[in-house]
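The values are calculated or read from the model by the stated rules, or taken from the named source; none is laboratory data. All of these numbers come straight from a predicted model, not from anything done at the bench. Heads up, the Cβs are rebuilt from the backbone with ideal geometry, glycines too, and the neighbour counts pull from every protein chain shown.
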Amino acid sequence: MLPKFSSRAFLAPMAGVSDPALRLQCKKMGAGLVVTEFTSIHSIIAKEQQLKENNKTIQEFLEYSEQERPLSVQLFGSDLLALEKAAKIVEPFFDIIDYNMGCPAPHITQQMAGGALLQEANLTQQIFNTLVNAVKKPVTLKIRSGVTDASRYLFKEIAAIAEDEGIQMITLHPRTVTQRYSGRADWKMIKELKEISNIPIVGNGDIITPEDAKTMIDQTNCDYVMIGRGAMGNPFLFEQINDYLKTGTYKQYSLKDKLDSFFEYLRLTGKYNIKFSNIKSQAMRFTKGMVGATKLRPKISGSKNIEELEKIMTDAYVLFC
Ligand SMILES: Cc1cc2nc3c(=O)[nH]c(=O)nc-3n(C[C@H](O)[C@H](O)[C@H](O)COP(=O)(O)O)c2cc1C
């Protein structure tokens, strides 16, 4: 059974972005569910082996905190034996196992994973069957609508297979794989999926404001919304969506609040093993929209360590806030 979610707004899995520090911030600001960055089933197996030899668990590789719960781990990879093994390794630590069938990056689709699987109904059916039978925790799915424009309705067939095999929730990002991030997400497809489904549907794509979240829910009748880019450097969005859905209003946050939030992010990163290049990218996102941000960017990207970055951001704070 799916856990109870405290809000209808979820944080999307985003490689290099939805690290445990940002996830915790979004969770504290009211995200109903947070999902790890997608992780290769093969890397999970290899890491677990290494860690075991040092009496450590996969938590050292897939870092998280208890406060993030309910927490979903996202897997990719289509080798059935490896999938079963990886799912069993992560199961004790996570509340939901999510499967990625949306990633458009060629290095993923070329290994018959991510969005490429949308056109492989047989293999997909075996993947769902393997996952659902491997674990007792709920298994969910995240898909794009199709591979090319001509196959943009593949999501209907895949969703039917998923439901038959016991997948408990589906997130739809209604763009095709070849579309990547161009054009607009076609929210009509979320409505169509909701109409043919008996399991919860999560609508995803192009939600930037609380108003967008409400419009998606009103237009599609989806059960939950998932936010990716709109939450980058902006964990406040979850509180704003929750308030807007409840009361029709929400609190505005200032650039000073955003910078404060970045310092909190920085403090949280100290507990985890997050790549410094990713932390610098987060700094760029938290300063988006600030007057003077263009001057700040080269300084951020040139910083060599956390101390330097902190100094640059502290100076910016004094200058702009
Ligand atoms: C930098 C970045 C990394 C992403 N990584 C993942 C990922 O690991 N797994 C996944 O299912 N989707 C991933 N996505 C897709 C998002 O989860 C989401 O479906 C997409 O961005 C559309 O939602 P949005 O318009 O709210 O950003 C990523 C997107 C971005 C921008």
Which of the helices (runs of 4 or more DSSP H) contained wholly in the stretch 146-246 include at least 2 residues that are closer than 17 Å to Met29 by Cα? 210-220
So is Glu264 under 19 Å from the mean Cα position of the chain (by Cα), within 17 Å of Arg23 (Cα to Cα) and acidic (Asp, Glu) or not? no
Among the residues that make up the stretch 55-72, is at least one of them within 23 Å of Val147 (Cβ to Cβ), out of contact with any Leu (no Cβ under 8 Å at 6 or more places or on another chain), without any contact (Cβ under 8 Å) to a residue 60 or more places away in the chain and hydrophobic (A, V, I, L, M, F, W, C)? no
What pairs come out if I take residues in the stretch 287-307 that are under 14 Å from Leu319 (Cα atoms) and pair them with residues that are aromatic (Phe, Trp, Tyr) and assigned to a helix (DSSP H, G or I) whose C-beta lies under 8 Å away, six or more apart or interchain? Thr287/Phe262; Met290/Phe320; Val291/Phe320; Gly292/Phe320
For Arg180, are the conditions met, namely being in the same structural domain as Ala105 (by TED's automatic domain parsing), of a type in the set (D, E, K, R), without any contact (Cβ under 8 Å) to a residue 40 or more places away in the chain and within 14 Å of the ligand (Cβ to nearest atom)? no
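I need the helices (runs of 4 or more DSSP H) fully contained in the stretch 274-321, keeping only those with at least 3 residues that are surrounded by fewer than 18 Cβ atoms within 10 Å (Cβ to Cβ) and under 28 Å from the mean Cα position of the chain (by Cα). Let's see the steps before the verdict.
Values: elements: 276-286, 293-302, 306-320.
The qualifying helices (runs of 4 or more DSSP H) are 276-286, 293-302.
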When Asn273 is evaluated against the numbered criteria (1) more than 16 Å from the ligand (Cβ to nearest atom); (2) in contact with an Asp or Glu (Cβ under 8 Å, 6 or more places away or on another chain); (3) free of Cβ contacts under 8 Å to residues at least 60 places away in the same chain, which criterion, by number, is the only one it fails? (3)
